[in-house]
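Report on one structure; see the data block that follows.
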Amino acid sequence: MEKRKIDIFDTTLRDGEQGPGCLLTLQSKLEIAERLELMGVDIIEVGFPISSPADFKAVSEVSKLIKNAKVCALARARETDIDAAADALKNAKSPRIQLGIGSSDIHIRNKFNSTREEILDIAFNMVRHAANKVDEVQFFAEDAGRADNIFLAKMVQTVVEAGAKIVNLPDTNGFCTPFEYYEKVKFVMDNVPNIDKIKISVHCHDDLGMATANTIAGLLAGAQQAEGTINGVGERAGNAALEEIIMTLVIKDLPFFTTVNPIYITDLSKIVETAMSNYVQANKAVVGRNAFAHSSGIHQDGVLKDRSNYEIIDPKLIGGDLPDLILTARSGRAALKNRMTALNIQYIENEFEKYYEQFLRVADTKSVVTENDLTAIFETSKN
């Protein structure tokens with residue numbers, strides 16, 4: 001079976017910036033957008049133009065900069081929002097407006113004080129309005145994760161008839177399990193006429209820690225576009241981490257693929273981390289500083305023999321370097337010998353056990369044994 005291409009939609013500059021304290025300067029947005037295009041991301045969502053003059057300017061300036069990726073701006077289902085988005089995108093080579101409204105009864109009742117019928121009318125009219133402004137309209141059915149599937153399918157059909165070319169089914173509150181999200185996307189794929197004429201997009205939040213898994217589940221159900229942010233930044237627990245989605249598509253044998261080049265991931269992760277002052281947790285998948293680190297003696301021995309024993313990604317693939325083995329009280333003889341050789345510490349083989357015993361005594365008092373510690377251990381053991 002021929003694999004299908006998945007469009008990668010980055011929303012670091014828009015949804016990612018909604019994380020507390022993650023405000024980006026215009027210069028940072030331009031730098032990140034440029035790196036995203038270099039990486040080969042298909043769509044870059046830059047901001048919400050109606051929300052502030054700074055967001056409008058960011059969308060406008062990124063639109064002038066980007067030549068290959070599509071540039072997207074967000075709007076609510078309001079004419080003023082849509083008009084502002086279209087104006088901000090006027091210099092974009094490939095502009096896209098994303099607009100949406102609530103699809104769950106919780107949002108329809110509590111947020112909009114409305115009815116399903118009224119919401120469908122608004123969605124139709126506003127998509128039709130946006131379709132007269134730009135060639136490519138993306139609609140998001142907010143809180144699709146908690147929406148009734150039959151109504152959700154009806155909403156998708158409605159906005160497709162109005163002119164939407166991409167429909168986003170966001171799990172806005174990170175509510176779904178992968179099985180539930182798969183079934184939801186599959187239901188829409190199977191129950192909307194002419195669904196093959198549009199693209200379904202998946203946008204998942206990480207409130208239950210399942211954003212990436214849900215994203216892959218949605219793609220397996222037939223979605224053709226995946227949305228996320230670098231480092232998983234975003235409001236509350238964040239978005240699906242784009243680097244996790246990309247690497248899953250790169251290393252797994254799935255019925256779809258991406259043309260994004262992962263070599264820029266490490267560099268881009270660090271740029272976003274610094275620009276947002278939102279530091280990546282050490283054990284974060286793919287880009288955490290411990291993602292390729294090993295301190296267990298069993299694992300260290302395994303990676304010294306062949307890194308594939310305990311690593312499924314070559315750090316060079318994402319533009320990273322191989323870290324040194326971390327020496328701790330859990331480290332074994334193989335790791336200690338490896339580090340001593342790297343530091344050019346010469347030792348007599350039959351005296352190694354003496355060095356190792358001294359190493360363990362030091363390691364039991366420290367979380368990490370440093371190079372200076374090893375030199376000191378060697379000098380002490382010689383005397």
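Tell me which GluC sites (Glu not before Pro) from the stretch 1-109 have a DSSP coil assignment and no more than 13 other beta carbons within 10 Å of their own. Answer in residue order: E2. Annotation for the stretch 209-279: chymotrypsin sites (Phe, Trp or Tyr not before Pro) lying in DSSP loop with at most 13 further Cβ atoms inside 10 Å of their Cβ are Y279. For the stretch 10-78, relative contact order (Cα pairs under 8 Å, six or more residues apart, normalised by length) works out to 34 percent.
Protection proxy ranking of 152-162, 343-353, 234-244, by the mean of other Cβ atoms within 10 Å over each peptide's residues and highest first, is 234-244, 152-162, 343-353. Label positions at F179 and N91, each projected 7 Å from the Cα along the C-beta direction, are separated by 5.2 nm. Taking all protein chains as they are arranged and a probe of 1.4 Å, the heavy atoms of T177 leave approximately 50 Å² accessible to solvent. Rounding to the nearest 10 and keeping the result within 0 to 90°, find how far the Cα-based axis of helix 211-220 lies from the longest principal axis of the chain. For 211-220 against the chain, the angle is about 60 degrees.
Among M189, M340, M39, the residue with the largest mean-square fluctuation in a Gaussian network model of the chain, with springs joining Cα atoms closer than 10 Å, is M340. Relative to the longest principal axis of the Cα atoms of the chain, the long axis of helix 79-88 lies at roughly 60 degrees.
Counting only DSSP beta bridges with both residues in the chain, tell me the antiparallel percent, nearest 5. Of the beta bridges lying entirely in the chain, close to 5 percent run antiparallel. Once the chain from N290 to D190 is taken as fully extended at 0.36 nm per residue, the excess over their C-alpha distance is 31.8 nm. Each label point was placed 7 Å from the Cα along the Cα-to-Cβ direction; for Y279 and E235 their separation is 2.7 nm. Treating r as the C-beta distance of T25 and I122 and R0 as 41 Å, the FRET efficiency rounds to 0.75.
Calculate for the chain the 222 nm mean residue ellipticity that helices alone would give, adding -39,500 (n - 2.57) per DSSP H run of length 4 or more and normalising by residue count, nearest 500 deg cm²/dmol. After summing the helix terms and dividing by the residues of the chain, the value is -12500 deg cm²/dmol. Dipole orientation for the chain: of the candidates M210, L254, T365, L254 has the Cα lying most toward the positive pole (charges on Cβ; Lys, Arg +1; Asp, Glu -1). Comparing D373, D87, D314 in a Gaussian network model of the chain where C-alpha atoms under 10 Å apart are linked, the largest mean-square fluctuation is found at D373. Mean sequence separation of contacting Cα pairs (under 8 Å, at least six apart), scaled by the length of the chain, corresponds to a relative contact order of 14 percent.
Give the calculated FRET efficiency between E161 and I312 to the nearest 0.05, with a Förster radius of 45 Å applied to their Cβ-Cβ distance. Taking R0 as 45 Å, the efficiency between E161 and I312 is 0.55. Using C-alpha pairs under 8 Å with a sequence gap of at least 6, the mean separation divided by the residue count of the stretch 82-200 gives a relative contact order of 26 percent.
Residues of the stretch 37-56 with amide nitrogen under 20 Å from the 7 Å Cα-to-Cβ point of R78? Within reach of a label on R78: 46-56.
Is the stretch 9-94 rounded, prolate or oblate when judged by the Cα gyration tensor, a ≥ b ≥ c being the square roots of its eigenvalues, rounded requiring a/c under 1.5 and prolate requiring a/b larger than b/c? Taking the square roots of the gyration eigenvalues as a ≥ b ≥ c, the stretch 9-94 is oblate. Karplus-derived 3J(HN,Hα) values for the stretch 155-168, using 6.51 cos²θ - 1.76 cosθ + 1.60 with θ = phi - 60°, are 5, 4, 4, 4, 6, 5, 5, 7, x, 5, 9, 9, 10, 9 Hz; glycine and proline are entered as x.
Its Cα gyration tensor gives the stretch 141-209 an equivalent ellipsoid. The semi-axes, each the square root of 5 times an eigenvalue, are 21, 11, 10 Å from largest down.
In µm²/s, what is D for the stretch 70-142 at 10 °C and 1.306 mPa s, where D = kT/(6 pi eta Rh) by Stokes-Einstein and Rh is the Kirkwood radius from Cα pairs? Once the numbers are plugged in, D ends up at 128 µm²/s.
The list [x] 68, 53, 39; [y] 85, 41, 40; [z] 79, 48, 38 gives values of Cα extents along the principal axes in Å, and only one came from this structure; which label was calculated from it? Of the listed options [x] 68, 53, 39; [y] 85, 41, 40; [z] 79, 48, 38, [y] comes from this structure.
Apolar share of the accessible surface for the chain: 49 percent from carbon plus sulfur atoms, 1.4 Å probe.
If one computes the Cα centroid of the stretch 229-253 and of the stretch 52-84, what distance in Å separates the two points? Computed from Cα coordinates, the inter-centre distance equals 23 Å. Once the Cα atoms of helix 26-39 and of the chain are each reduced to a long axis, what angle between those two axes, in degrees from 0 to 90 to the nearest 10, is obtained? So the helix axis and the longest Cα principal axis differ by about 80 degrees.
To the nearest 20 debye, what is the magnitude of the charge dipole of the chain about its Cα centre, counting +1 on the Cβ of each Lys and Arg and -1 on the Cβ of each Asp and Glu?
320 debye
Multiplying the residue separation of K5 and T370 by 0.36 nm and removing their Cα-Cα distance gives an extension gain of 126.8 nm.
The values are calculated or read from the model by the stated rules, or taken from the named source; none is laboratory data. Just so it is clear, the structure is predicted and the values come from calculations on it, not from any experiment. Neighbour counts run over all protein chains shown; Cβ positions are idealised from the backbone, glycine included. Note: accessible area is taken over every heavy atom of the protein model, side chains too, but ligands, DNA and RNA are not part of it. Shrake-Rupley method; radii C 1.70, N 1.55, O 1.52, S 1.80 Å.
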